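Here is the structure we will look at, set down as structure tokens.
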């Protein structure tokens, strides 16, 4: 959490120095770092989790913990990286948006897989992996 916060403050301070065309990257990564700091604060304080029953009940564990703050961070951070790479490489906005939506489907499929308490969770995991490979 401290690393994200420190990196955010440094990156935000450096955003006042670059030329106009380079500021968009500073703004994008400042958002990702700030959301990362908040997400890791929520995880460190024990506030961002859910308890879900296991797929196969065993004597050792009947439930498991899902930390949903990391999924929130991924939904914000991965598209920012995709947008930045798309802007640097000069691809069209349609390609950038397509890749952002693929990343969102991938992350949400993994989240659905985590929250599914039956054997059907592997279907969500397979769809998420398929969209990740796309």
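Here are the numbers for the structure shown:
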quantity: Residues located in the stretch 89-134, provided they are touching a residue at least 24 places away in the same chain (Cβ under 8 Å) and more than 16 Å from the chain's Cα centre (by Cα); calculated: 115, 117, 118, 119, 121, 134
quantity: Identity of the residue in the stretch 109-134, touching a helix residue (DSSP H, G or I) at 6+ places or on another chain (Cβ under 7 Å) and not in a helix (DSSP H, G or I), that ends up surrounded by the fewest Cβ atoms within 10 Å (Cβ to Cβ); calculated: 134
quantity: Residue 106 being closer than 18 Å to residue 32 by Cβ and either at pLDDT 95 or above or in a helix (DSSP H, G or I) (or both); calculated: yes
quantity: Of residues in the stretch 59-91 being assigned to a loop (DSSP other than H, G, I, E, B) and at pLDDT 90 or above, the one surrounded by the fewest Cβ atoms within 10 Å (Cβ to Cβ); calculated: 90
quantity: Out of 27, 64, 40, sole residue that is touching a helix residue (DSSP H, G or I) at 6+ places or on another chain (Cβ under 8 Å) and free of Cβ contacts under 8 Å to residues at least 60 places away in the same chain; calculated: 40
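The values are calculated or read from the model by the stated rules, or taken from the named source; none is laboratory data. Keep in mind it's a predicted model, so treat the numbers as computed, not measured. Here the Cβ is made from the backbone with ideal geometry for all residues, glycine too, and neighbour counts use every protein chain on show.
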